[in-house]
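Working notes, beginning with the structure itself.
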Amino acid sequence: MSNVPANLKYSKDHEWAKIEGEVATIGITAFAAEQLGDVVYVDLPKVGDALKAGSTFGVVESTKAVSDLFAPLSGKVLEINGPVVDNPGTLNSDPYEKGWLVRIQLSASGEVKELLDAAGYTAHMASSAH
């Protein structure tokens, strides 16, 4: 089973969020990276763009598939991870540290309550395994 850090929150769409005050760092889970296979391209929003929870905010392309990225939380993009755009394979090798995608200023911090904790996400992965 995939690595699921306890300090993060998770969406059912396999994105993670690290909450630090009113800022959230967002990425894809190790499970998502494993399902995608070798990631070869990442398209991210621009700094200043507004994300809405549940809406697409980018695309990840792998040798197997093209997948939309879904925002787990709403907010304004403060920073994108340029090195991941230049080296998309980082999502496979280090999805939780170097492989983060965007940092956002939360606009609806109450949405954090809607996300899963590590145990909830682990159970979700088990129930959605094909």
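The values are calculated or read from the model by the stated rules, or taken from the named source; none is laboratory data. If you're wondering where the values come from, they're calculated on a predicted model, not measured in any experiment. Here the Cβ is made from the backbone with ideal geometry for all residues, glycine too, and neighbour counts use every protein chain on show. Just the protein is used for accessible areas: all its heavy atoms, side chains included, with ligands, DNA and RNA removed. Shrake-Rupley method; radii C 1.70, N 1.55, O 1.52, S 1.80 Å.
Quick notes
- Rg over Rh [alpha-carbon atoms, Kirkwood Rh] for segment 1-89: 0.94
- Accessible surface of the chain, 1.4 Å probe, proportion on carbon and sulfur as whole %: 50
- Using only alpha carbons, segment 57-104 has a radius of gyration to Kirkwood radius ratio (Rg to Rh) of 0.95.
- Loop-resident sites, segment 1-46, for GluC sites (Glu not before Pro), counting at most 13 other Cβ within 10 Å (DSSP): GLU22
- Rounded to 0.05, the FRET efficiency of the SER128 and LEU78 pair, given R0 = 30 Å and the Cβ-Cβ distance, is 0.45.
- Too-long pairs where the Cα-Cα distance tops 18 Å, listed order kept, from LYS18/LYS113; LYS18/LYS46; LYS12/LYS52; LYS18/LYS98; LYS12/LYS46; LYS18/LYS64: LYS18/LYS46; LYS12/LYS46; LYS18/LYS64
- The chain: relative contact order in percent, alpha carbon pairs under 8 Å with at least 6 residues between: 30
- Its Cα gyration tensor gives segment 40-130 an equivalent ellipsoid, and the semi-axes of that ellipsoid, as √(5λ) in whole Å with the largest first, are 21, 20, 12.
- Label zone at ASP86, where the point sits 7 Å out along the Cα-to-Cβ direction: segment 17-49 residues whose backbone N lies under 19 Å: 39-47
- Each Lys or Arg adds one and each Asp or Glu subtracts one; over the other residues with Cβ under 14 Å from the Cβ of GLY54, this totals -3.
- Backbone N atoms of segment 21-46 closer than 19 Å to the 7 Å Cα→Cβ label point of ALA119 are not found in any residue.
- Charge sum, other residues only, whose C-beta stays under 12 Å from ALA6's C-beta, Lys/Arg counted +1 and Asp/Glu -1: +1
- Computed E for GLN105/ASN3 - FRET, C-beta separation, R0 22 angstrom, nearest 0.05: 0.20
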